[in-house]
Structures are given as C-alpha cells and as structure tokens.
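Just so it is clear, none of the values below were taken in a lab; they were calculated from the coordinates. Since we're looking at a predicted model, the values are computed, not measured. Backbone-built Cβ (ideal geometry, glycine too); neighbour counts: all protein chains shown.
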Amino acid sequence: MTERQKYQVIREFDGFELRRYEPCVIAEVEMSDDYQSATYGAFRHLFNYISKGNETSKSIAMTAPVSQQGLGNSWTVRFIMPRDWTMETLPAPSDARVSLRPIPAKRVAVIRFSGLASASAIALPIPVPPPVTSDARIYSSSSLVQYRAYSSRNVNDSNPRIRSKKRTPSR
C-alpha cells in the first residue's frame, strides 16, 4: 500500500474540510511550459530521482499525494518523501532540477473533486468557501491553489478516485 502524508481533519464544512498536515520532506521540480508539458516533464524528473537517480542509486518508495502548483506557465510538481527519510538521510539528487526541502506542519482547506487535474479542469471556477476563523487565523479564499492527486489503485480511502484541491491558508 502506498504511504500517504498524514493529516488530521480539524473541522468539516459544507463543501470543504479544514485539515492539519504533518511536517514532511519534499522533492520538487519547477518547469515553465504549458500545463501538460511542464507537469509531465517535472513528474519524470522526480520519478527518476526516486528510481535510483540519486547519488547513492537508492530507490525511494512512491508516496501520495503528488502535488502540482502553478502560476501562469510556471509549474511545480512535488513528491512527498516517505516518513522514514529525512533531509539528512535522503540521497542528493543526480539531476540539478530536483531539489529537496522540509515543509512544516500546516493547515489547509481541502475541496474534493473527481477526475484528473488537466488544463481545462483547473481553469474551472473553484467554489469559494466563506473565510474561516480558527485559532486567531483567517483562512482566505484568495490563497494559492495546489492540486494533490491520489492514485486509485494504491490508496486505501473511502473513495480513492477522489482528488483534492488544496488551498494553502493565508497568514
């Protein structure tokens, strides 16, 4: 079974839920091109990294979700590293386009949708939830959107074909 990034549901709302994701380490690649070319290209570089394309030729397990974030024609794709790897123990990438970095715990608003993210799917308007106040923080609908995809074959979920749109909260 594919390892998933751990989170806790803080609160459920009509149409979205507020989650707290645990800290993690990511491998990421940023590419500039149209959505499909950039995200597929970045995915290939990241997949090569976890498939022995690193300084020690070690395989690293694939996890879920795979995150995509874009602005204009610049797209970043991220793989979350398995929990047993740290910045100190991960092998350095052989490809200079792959970078590693730690991500602190954070709260996000998640909207679920079915199907795959595509240029036409991500161009559709996203339902905007009202601002949510929690622990003196306001979660704004103007935050940058990240798309997180979960494989339907490898993830044990009540509906594994669901994909999530992850909004990073404003601070």
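Take the Cβ-Cβ distance between residue 55 and residue 20 as r, set R0 to 35 Å, and report the resulting FRET efficiency rounded to the nearest 0.05. Don't skip to the answer; put the middle values down first.
Working: r = 34 Å, r/R0 = 0.96.
E(calc), rounded to 0.05, equals 0.55.
Using a cut-off of 9 Å between beta-carbons, work out the net charge of the residues near residue 9 (Lys and Arg +1, Asp and Glu -1, residue 9 not included).
My count for the surroundings of residue 9 gives +1.
Which net charge results when you count Lys and Arg as +1 and Asp and Glu as -1 among the other residues whose beta-carbon is under 9 Å from that of residue 77?
For residues surrounding residue 77, the net value is -1.
So what does the Cα-only Debye profile of the stretch 1-117 read at q = 0.10, 0.16, 0.22 Å⁻¹, as log10 I(q)/I(0), no solvent term?
Taken in order of the listed q values, log10 I(q)/I(0) reads -0.33, -0.82, -1.30.
Explain nothing, just compute: Karplus ³J(HN,Hα) = 6.51 cos²θ - 1.76 cosθ + 1.60, θ = phi - 60°, for every residue of the stretch 81-95 in order, whole Hz, x for Gly and Pro.
Those phi angles translate into 7, x, 4, 7, 9, 10, 4, 6, 9, 5, x, 5, x, 7, 9 Hz.
Taking 41 Å as R0, compute the FRET efficiency from the Cβ-Cβ separation of residue 94 and residue 10 and round it to 0.05.
FRET efficiency, residue 94 to residue 10: 0.55.
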